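> Dropping a structure here in structure tokens format, bear with me for questions.
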Amino acid sequence: MLKINNLHVSIEGKQIIKGLSLSINKGEVHALMGPNGSGKSTLSYVLSGKEGYEIEEGTIEYNGKNLLDLEVDERANAGLFLAFQYPMEIPGVQTSFFLKTAINSKRKFLGMPEIDALEFAKLIKSQAEDLGIGSEMLKRDLNVNYSGGEKKKQEILQMSILKPDMAILDETDSGLDIDALRIVSEGVNKLRSEQNSFLVITHYQRLLNYIKPDFVHIIADGRIVKSGDFSLALELEEKGYEDISKTA
Amino acid sequence: MAATEQTIKQVNSLGNSEYKYGFSTDLDEIKAPKGLSEEVVRFISAQKNEPEWMLEWRLNAFKVFNKLPKPNWAKLNIPEINYQEYYYYSSPKSLKDKPKSLDEIDPEILKTYEKLGIPLKEQEILSGVAVDAVFDSVSVATTYKKQLNDLGIIFCSISEAIQEHPELVKKYIGSVIPVTDHSFAALNSAVFTDGSFVYIPEGVRCPVELSTYFRINAINTGQFERTLIIADKNSYVSYLEGCTAPMRDENQLHAANVELVALDNAEIKYSTVQNWYPGDSEGKGGIYNFVTKRGACRGHSSKISWTQVETGSAITWKYPSCILQGDNSKGEFYSVAITNNKQQADTGTKMIHIGKNTSSKIISKGISAGKAQNTYRGLVSINSRASNSRNFTQCDSLLIGNECGAHTVPYIESSNADSTIEHEATTSKINEDQLFYCMQRGLNSEDAVGLIVNGFCKEVLQHLPMEFAVEAQKLVAISLEGSVG
């Protein structure tokens, strides 16, 4: 599904990713763990197509296509979703209107008619309830005056209704209390299937107790220094990044 | 939209019967001599069979016009206007001169109609295609006329009002915008061709948005529109002028005068959606729109509220204002002005506080893209007698790209220590991170800009009558097409 090969990325002349390779197959959940500044968030922005990142070398293949050829919205409509670490506030735009616009953008891309009002209402209601998002919140402006936890739940709600093939969760666990962490993780687990894949970016092993990954990778200084299964996350928790990086 | 569809249904239900007031009779086109002169003023008045007092009023205005210099306060680059180059009167074009079908209309305009979801029949009318008499504005008007008549509401063209209700016209015309105000006001007073007249009697709440058929009615009001709305004591009216679709018009120079009068406890809500031809991306062509709109809150506790969405015209020069004479009266101004490519807009309001306990509120959203220039210019003046008065002003500007400009020019005069004036202003560039976020959710760049800008304008758009709010939102997005990426 996603194949990153020997990726080198710089921002304003400074190299951030230095030869990263990673393959994610359909149905797999990969965790990417690493200290601050190791290039985790940069990778998520490069994958989703944010401007300002220079790809110096390497390739990214997504479902057989060159991902780097696609615009941000084309990647999104091709099923790539980024749950933002810091979701943007959009004043004056009602949350439910935003959700509807996002759904209809995808439907338009797929050549489908706009979603029927009733169908939309049903879809949102069921998904929002599972995440503990009340209807009152859907009437508020998107992410404006949301708490940190509410913003993250909102990201998962968007993911649940857009049903991506490849979801990247960028530190979705940061700033969440234990209850919110559980709710958000359940949202992710419900979506897991043989048909889609996840890249879960996090500092902590804590999240991985809820979202069990098939593979764990440790990133340091712009490249993956160690890969393994869930036990690697446990080892990391015990020894810390410095130790693990050394033994790599 | 619902109301528009209803209008069209009603028109269609009139069937194919020849409507007796429809001007389907072949008229040879009657044009005034080219240029501007006393003779032309007399010609216009004679064509309309006006009473002597009206002619005298026009002639006086023409004398004033000749003495007044062109207003020059705006931050606009206005090409020299040669008034002698224009025709000031022509009767409705005969059918044979009009485009025969939509095939003859600029495809760009048709594309916009499609995006706005304008019904085909209405597209033809807006584009000036010759359509049969059944669907002319007069017949649409009649479907509502009876309902309004029963309530004593007068709603007709200003020409008709001069004939049928001279006492009302005589009493109020020029009472809010004196002919001596500035040269465009004087010019309009001398050569105005048509426009609307509304009178709401005491205690009556007008049951329909007078917009519902004006959209179709407004097409032939011409370049010098004159509108007069009077709300008598304890009455209410909501009026919407213009139309969300771009209108084809050969007249480059527009100078409209709109006067509103609210008596004791009356309320007038006046909404405008202006989408005249803005010229092409190089700034060629487009309408020069010099509009004077002013409302007088003459009675106590009266209220006048202006809402405008200005997206068209090459040059917009417009300051819908309120004169708050009555004690406890209220004025409001909600504005969205969008300029793209090489458009220029200098728009805002004047709130003149004269009565005690008067209040005013100004919310202005200016969006500038391409190489456009967008200025908010507003005056808040609190008279020494206007104790305990309040004003709140908020002006927000949004820039898209690096070659456009936004300017805010507030004038504040307070002669009263009991009163409070608040002014807030912000200028920002469209946020790249917001755009990225929206596009990551699948919106293309134009839809993303449209969504964010609509959010930015929400406070204003929500004051539009329901049936136009949805179209206005689409219009906001369409006006900014091509402004990003």
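The values are calculated or read from the model by the stated rules, or taken from the named source; none is laboratory data. This is a predicted model, so every value here is computed, not measured. Every residue, glycine among them, receives a Cβ derived from its backbone with ideal geometry; neighbour counts consider all protein chains shown.
> Show me the strands (runs of 3 or more DSSP E) entirely contained within the stretch A:3-109 in which 3 or more residues are facing chain B (nearest Cβ under 9 Å) and more than 21 Å from residue A:215 (Cβ to Cβ). So that I can check it myself, show each step before the final result.
Values: elements: A:14-24, A:29-33, A:54-62, A:80-83, A:90-94.
Qualifying strands (runs of 3 or more DSSP E): A:90-94.
> I'm trying to understand the selection: among the residues of the stretch A:215-240, which are among the basic types (Lys, Arg) and not in a strand (DSSP E or B)?
A:239
> Further, regarding this structure: Output the residues belonging to the stretch B:347-382 that are assigned to a loop (DSSP other than H, G, I, E, B) and within 15 Å of residue B:328 (Cβ to Cβ).
B:354, B:355, B:356, B:357, B:358
> Which condition does residue B:153 not pass, out of (1) within 30 Å of residue B:39 (Cα to Cα); (2) of a type in the set (A, V, I, L, M); (3) modelled with pLDDT of 70 or more, if it passes all the others?
(1)
> Separate question: Please indicate, with yes or no, whether at least one residue in the stretch B:111-119 is in a loop (DSSP other than H, G, I, E, B) and at pLDDT 70 or above.
no
> One residue is enough: does the stretch A:7-20 have a residue meeting the conditions without any contact (Cβ under 8 Å) to a residue 24 or more places away in the chain and in contact with a helix residue (DSSP H, G or I) (Cβ under 8 Å, 6 or more places away or on another chain)?
No, there is no match, as no residue in the stretch A:7-20 is without any contact (Cβ under 8 Å) to a residue 24 or more places away in the chain and in contact with a helix residue (DSSP H, G or I) (Cβ under 8 Å, 6 or more places away or on another chain).
> If you don't mind, another one. Just to be sure, is residue B:409 surrounded by 23 or more Cβ atoms within 10 Å (Cβ to Cβ), in contact (Cβ under 8 Å) with a residue 12 or more places away in the chain and at negative phi?
No: the conditions fail for residue B:409.
> Of the residues that sit in the stretch A:147-157 and are touching a residue at least 40 places away in the same chain (Cβ under 8 Å) and in contact with a helix residue (DSSP H, G or I) (Cβ under 8 Å, 6 or more places away or on another chain), which one is surrounded by the fewest Cβ atoms within 10 Å (Cβ to Cβ)? Don't jump to the end; show me each part of the working.
At the first step, the residues of the stretch A:147-157 found to be touching a residue at least 40 places away in the same chain (Cβ under 8 Å) are A:151-152, A:154-157.
Applying the additional criterion that residues be in contact with a helix residue (DSSP H, G or I) (Cβ under 8 Å, 6 or more places away or on another chain) yields A:152, A:154, A:156-157.
Values: A:152: 28, A:154: 24, A:156: 25, A:157: 21.
Per the criteria, the residue is A:157.
> Among the numbered criteria (1) within 21 Å of the chain's Cα centre (by Cα); (2) touching a residue at least 60 places away in the same chain (Cβ under 8 Å), which one does residue B:396 miss?
Checking residue B:396 against (1) within 21 Å of the chain's Cα centre (by Cα); (2) touching a residue at least 60 places away in the same chain (Cβ under 8 Å), the one that fails is (1).
> Any residue in the stretch A:39-56 that is of a type in the set (Gly, Ala, Ser) and more than 27 Å from residue B:434 (Cβ to Cβ)? Don't jump to the end; show me each part of the working.
Taking the stretch A:39-56 first, the residues of a type in the set (Gly, Ala, Ser) are A:39, A:41, A:44, A:48-49, A:52.
Within this subset, residues satisfying the condition of being more than 27 Å from residue B:434 (Cβ to Cβ) are none.
Taking every residue of the stretch A:39-56 in turn, none turns out to be of a type in the set (Gly, Ala, Ser) and more than 27 Å from residue B:434 (Cβ to Cβ).
> While we're on this one: If a residue must be modelled with pLDDT of 90 or more and over 17 Å from residue B:277 (Cβ atoms), how many such residues does the stretch B:225-265 contain?
23
> Tell me yes or no: at least one residue of the stretch B:50-65 is without any contact (Cβ under 8 Å) to a residue 40 or more places away in the chain, among the acidic types (Asp, Glu) and more than 17 Å from residue B:255 (Cβ to Cβ).
Yes: the stretch B:50-65 contains one or more residues that are without any contact (Cβ under 8 Å) to a residue 40 or more places away in the chain, among the acidic types (Asp, Glu) and more than 17 Å from residue B:255 (Cβ to Cβ).
> Which residues, counting only those in the stretch A:90-110, are of a type in the set (Ser, Thr, Tyr) and in contact (Cβ under 8 Å) with a residue 40 or more places away in the chain?
At the first step, the residues of the stretch A:90-110 found to be of a type in the set (Ser, Thr, Tyr) are A:95-96, A:101, A:105.
Scanning the stretch A:90-110 gives A:95, A:96.
> For residue A:186, which of the numbered conditions (1) touching a residue at least 40 places away in the same chain (Cβ under 8 Å); (2) in contact with a strand residue (DSSP E or B) (Cβ under 8 Å, 6 or more places away or on another chain); (3) away from chain B (no Cβ under 13 Å); (4) charged (D, E, K, R) fails to hold?
(2)
> Filter the stretch B:143-175 down to the residues that are within 16 Å of residue B:58 (Cα to Cα) and part of a loop (DSSP other than H, G, I, E, B) and list them by number.
Answer for the stretch B:143-175, where residues must be within 16 Å of residue B:58 (Cα to Cα) and part of a loop (DSSP other than H, G, I, E, B): B:173, B:174, B:175.
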